[in-house]
There are 2 protein chains.
Amino acid sequence: MRKKEGNKVQDIINAAIEVFAKQGYHEAKISEIAAIANVATGSVYLYFESKEDLLVKIFSGLWVKLISLVKSIYDRDDLSSIEKLDGFIDTVFDVFTANSKLALLFVKEQPHFLQDKDNKLNILYNNFLEIGEKIIDEGVNKNLFNRNLDKKITKNFIYGGVRHLLHLWAINPNEYPLNKVRQDIKYIVKKGITL
Amino acid sequence: MRKKEGNKVQDIINAAIEVFAKQGYHEAKISEIAAIANVATGSVYLYFESKEDLLVKIFSGLWVKLISLVKSIYDRDDLSSIEKLDGFIDTVFDVFTANSKLALLFVKEQPHFLQDKDNKLNILYNNFLEIGEKIIDEGVNKNLFNRNLDKKITKNFIYGGVRHLLHLWAINPNEYPLNKVRQDIKYIVKKGITL
DNA sequence: TTTATTTCTGAACCGTCGTTCATTTATAAA
DNA sequence: TTTATAAATGAACGACGGTTCAGAAATAAA
């Protein structure tokens, strides 16, 4: 029998991230993804069920990673709630900084998923945000954070702001130096929600 | 000769907002838009050059309106900088609250435009945000706002947060009552950036 | 009325990919 | 070597939907 050559799954995923990010999901062509991944068009279908499956696999891999990272921050008991919130924000930046194409894809296509309540991706997404909410919860209970702010609103406000700045950074890294971005966001969040 | 029946342009635009918002731009069908607008498929092309033209016209109308509204707030001299910032946030909420379909369309498709620097829509978008930056500028100069925060970052953080909450509200109005959303956002922003 | 002109219609056209599959290629076992 | 089987290929298929356009419908002018 024949042996698999290299890691085609990963090559295809990387190519897909690149093409989806640049063109947007709908305008991306499988043939172009295949070309960049150095495989034949048809080979994509050996590893992925469909174009959509490719997108879903990319996103779910991302969420699983993010969830595991922020969970481990939440679980630490040597950090204050505000440090955990900082860590949460840092985690998001770290993951996307490592791959700006992925960041771009994420901010462009994620909004389209929010609507259909219970698809797999939204479940993961909610798991992720739930940890953010738990951190805020903890801060409120320890009388560090303002308890008059709605937690869901607070968490989503921060999330939206972070996402948008990641987007701008991914498009134009020079205009939005990530260190300053992180620093300012953390400052506003900290000052905005602590008592 | 024949007389035009009713306001087809507006009917088509309203139908397009509805269908684009629900399905997303790429999955929306001109034939469905036409059906909802009560015109024949071909009639859409009497008033709009293409599917894309339809989307662009919707967005540019929106930006023109928003720009005019926030400009008039910025120009008032009976408001403090923080009141202007509140007014800016209120304006965005007011416009989208009046049309949740439009809000949904906006948050879903706007991210796709940010990339190609100098298309018409991005110019409008930047005009809009520039006014937000001017307000922040003013606040800094009057020693009301923290001058250590980067203005572009601050403005975009707020913008991203507001946009995301609008998105959630548009999907699920009951879970995100706009009055509480506005109130919390304004609180965080005010506390976060004032001295 | 009849005619001219504008508006409107919707079936058909046509280009574009996502997807399939008959064929080829590579390697492990015999 | 030869054979069997898994992996890979890419041309061709087929569905979909944006766009077109020949004709129909409506109304103003003649």
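Residues of A:182-195, mean number of Cβ from any other protein chain within 10 Å of their own Cβ, rounded to a whole number?
On the way: counts 1, 4, 11, 6, 0, 6, 12, 3, 1, 7, 10, 5, 1, 0.
Partner-chain Cβ atoms within 10 Å, mean over residues of A:182-195: 5.
Taking each residue in A:161-173, count the Cβ atoms of any other chain within 10 Å of its Cβ, then average. What number comes out?
Numbers: counts 12, 4, 5, 11, 6, 1, 5, 6, 2, 2, 4, 3, 0.
For peptide A:161-173, the averaged partner shielding equals 5.
Convert each backbone phi in the stretch B:35-44 into a coupling constant with the Karplus relation 6.51 cos²θ - 1.76 cosθ + 1.60 (shift: θ = phi - 60°), then list the ³J(HN,Hα) values in order as whole Hz, x for Gly and Pro.
Running phi through 6.51 cos²θ - 1.76 cosθ + 1.60 with θ = phi - 60° gives 4, 5, 7, 6, 9, 6, 3, x, 5, 4 Hz.
If you place +1 on the Cβ of every Lys and Arg and -1 on the Cβ of every Asp and Glu, how big does the dipole about the Cα centre of the stretch B:21-62 come out, in debye to the nearest 20? Mind dumping the intermediate values first?
On the way: 4 positive and 5 negative charges, 21 e Å.
Dipole of the stretch B:21-62, to the nearest 20 debye: 100 debye.
State, as an integer percentage, the relative contact order of the stretch B:1-147 based on alpha-carbon contacts under 8 Å between residues 6 or more apart. Before the final figure, lay out the partial values.
Details: 110 pairs, mean separation 39.5, N = 147.
Reported relative contact order: 27 percent.
At A:Asn119, label 7 Å along Cα→Cβ: distances to the other copies, nm, ascending?
2.2
Across peptide A:25-33, how many C-beta atoms of other chains are within 10 Å of each residue C-beta, on average? Could the numbers behind the result be given before it?
Working: counts 3, 5, 2, 0, 0, 0, 0, 0, 0.
Whole-number average of other-chain Cβ neighbours for A:25-33 is 1.
Near B:Lys180, which lysines are there with a Cα under 17 Å away, not counting those fewer than 8 places off in the same chain?
Reachable lysines: A:Lys151, A:Lys152, A:Lys155, B:Lys190, B:Lys191.
Starting at the first residue of the stretch A:114-120, write each ³J(HN,Hα) from the Karplus equation 6.51 cos²θ - 1.76 cosθ + 1.60 with θ = phi - 60°, in whole Hz, x for Gly and Pro.
3, 5, 6, 2, 10, 8, 3
Would you work out the charge dipole size for chain B about its Cα centre, treating the Cβ of every Lys and Arg as +1 and the Cβ of every Asp and Glu as -1, and quote it to the nearest 20 debye?
With only Lys, Arg, Asp and Glu charged at Cβ, the dipole is about 80 debye.
Output, in nm with one decimal and in ascending order, the distances from the B:Asn141 label point to the matching label points of the other copies (7 Å from Cα along Cα-to-Cβ).
4.8
Would you work out if the protein assembly as shown is rounded, prolate or oblate? Take a ≥ b ≥ c from the square roots of the eigenvalues of the alpha-carbon gyration tensor; rounded if a/c is under 1.5, else prolate when a/b is larger than b/c, oblate otherwise. Can you show the working numbers first?
Numbers: a/c = 1.83, a/b = 1.07, b/c = 1.71.
Oblate.
Using a 10 Å cut-off on Cβ atoms, rank the peptides B:172-178, A:44-50 from the highest mean neighbour count down.
Values: B:172-178: 12.4, A:44-50: 15.6.
Output ranking for B:172-178, A:44-50: A:44-50, B:172-178.
Let me have the 222 nm mean residue ellipticity of chain A computed from DSSP H runs of 4+ only, each contributing -39500 (n - 2.57), with the sum over all residues rounded to the nearest 500. Please list the in-between numbers first.
On the way: 9 runs with 143 residues, N = 195.
Computed ellipticity for chain A at 222 nm equals -24500 deg cm²/dmol.
Roughly how far apart, in whole Å, are the Cα centres of the stretch A:42-106 and the stretch B:20-41?
Centre-to-centre distance over Cα atoms comes out at 34 Å.
Pop out the ³J(HN,Hα) list for the stretch B:105-113 in order, Karplus 6.51 cos²θ - 1.76 cosθ + 1.60 with θ = phi - 60°, rounded to Hz; leave Gly and Pro as x.
4, 4, 5, 7, 9, 3, x, 6, 8
Using the 7 Å Cα-to-Cβ label point, sort the distances from A:Ile36 to its equivalents in the other copies shortest first and give them in nm to one decimal.
Listed shortest first, these distances are 3.2 nm.
About the Cα centre, and with charges only on the beta carbon of Lys, Arg (+1) and Asp, Glu (-1), how big is the dipole of the stretch A:1-112? Nearest 20 debye, please.
Working: 14 positive and 16 negative charges, 113 e Å.
Dipole of the stretch A:1-112, to the nearest 20 debye: 540 debye.
Here, each number is a calculation from the coordinates, and none is a lab measurement. It should be emphasised that the depicted structure is a prediction, and the values quoted were computed from it without experimental measurement. As a convention, Cβ positions derive from the backbone with ideal geometry for all residues, glycine included, and neighbour counts pool all protein chains shown.
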